[in-house]
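The values are calculated or read from the model by the stated rules, or taken from the named source; none is laboratory data. Note that the structure is a prediction, hence the values are computed from the model and not measured. Ideal geometry is used to build each Cβ from the backbone, glycine not excepted, and the neighbour counts take in all protein chains shown. Keep in mind that these areas ignore ligands, DNA and RNA; they rest on the heavy atoms of the full protein, side chains included. Shrake-Rupley method; radii C 1.70, N 1.55, O 1.52, S 1.80 Å.
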Amino acid sequence: MESGGALIVLDCKNGQVIGSSRFHGYNKEKNEIEIGWTFLARAYWGGAYNREMKQLMLRHAFRFVNRVLFLVGPQNLRSQRAMEKIGGLRTGSRRDASGRESFVYQITASSFLDTSAQSQAERT
């Protein structure tokens, strides 16, 4: 997680690269990390791909931190809805070094575990 390297997303059916995402901003003192800079090929929007990728990344992150942050542009309604679907709670906003505003969403380890347990129960 500290490396900041991008993760590649493959379509397992055909081995084609369909996107990427990454961890960023690991803060040991705050016990948090950001997940973001996620891109998926347009043909894969709206399906299970983003959700599955974020679930895998969250499971990994919560082995090391208690809180994961996501930064979403105020105009990016599609990503805001996607964050809410995976349990992201909007907690405020922040500006980057260039002054660009982003909404801050967070998922905590405890809320993720609760949501994962509920999803598992619904599937059985």
How many of the residues making up segment 64-90 are exposed (fewer than 12 other Cβ atoms within 10 Å of the Cβ) and of a type in the set (S, T, N, Q)?
-> 1
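From 33, 18, which residue is closer than 16 Å to residue 112 by Cβ, of a type in the set (A, V, I, L, M, F, W, C), assigned to a strand (DSSP E or B) and touching a helix residue (DSSP H, G or I) at 6+ places or on another chain (Cβ under 8 Å)?
On the way: 18 fails: closer than 16 Å to residue 112 by Cβ.
Of the residues listed, the single one that is closer than 16 Å to residue 112 by Cβ, of a type in the set (A, V, I, L, M, F, W, C), assigned to a strand (DSSP E or B) and touching a helix residue (DSSP H, G or I) at 6+ places or on another chain (Cβ under 8 Å) is 33.
Take residue 48 and decide whether it is out of contact with any strand residue (DSSP E or B) (no Cβ under 9 Å at 6 or more places or on another chain), more than 13 Å from residue 109 (Cα to Cα) and of a type outside the set (Asp, Glu). Break it down stepwise before answering.
On the way: out of contact with any strand residue (DSSP E or B) (no Cβ under 9 Å at 6 or more places or on another chain): yes; more than 13 Å from residue 109 (Cα to Cα): yes; of a type outside the set (Asp, Glu): yes.
Against the criterion (out of contact with any strand residue (DSSP E or B) (no Cβ under 9 Å at 6 or more places or on another chain), more than 13 Å from residue 109 (Cα to Cα) and of a type outside the set (Asp, Glu)), residue 48 qualifies.
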Considering only residues of segment 1-43 that are polar (S, T, N, Q) and in contact with a Ser or Thr (Cβ under 9 Å, 6 or more places away or on another chain), which is farthest from residue 106 (Cα to Cα)?
-> 20
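Which one is modelled with the lowest pLDDT among residues in segment 6-24 that are open to solvent by less than 40 Å² (accessible area, probe 1.4 Å) and either under 18 Å from the mean Cα position of the chain (by Cα) or of a type in the set (Val, Ile, Thr) (or both)? Steps first, answer last, please.
Restricting attention to segment 6-24, the residues satisfying the condition of being open to solvent by less than 40 Å² (accessible area, probe 1.4 Å) are 9, 11, 18-21, 23.
Then keep just the ones that are either under 18 Å from the mean Cα position of the chain (by Cα) or of a type in the set (Val, Ile, Thr) (or both); that gives 9, 18-21, 23.
Working: 9: 91, 18: 94, 19: 94, 20: 95, 21: 94, 23: 94.
Applying the filter and picking the extreme gives 9.
Of all residues in segment 91-114, which are among the aliphatic types (A, V, I, L, M), open to solvent by 70 Å² or more (accessible area, probe 1.4 Å) and not in a helix (DSSP H, G or I)?
Going residue by residue through segment 91-114, those that are among the aliphatic types (A, V, I, L, M) are 97, 104, 107, 109, 113.
Next, only the ones that are open to solvent by 70 Å² or more (accessible area, probe 1.4 Å) stay: 97, 113.
Scanning segment 91-114 gives a single hit, 97.
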Do we find that residue 44 is among the hydroxyl-bearing types (Ser, Thr, Tyr), touching a Lys or Arg at 6+ places or on another chain (Cβ under 8 Å) and touching a residue at least 12 places away in the same chain (Cβ under 8 Å) in this structure?
-> no
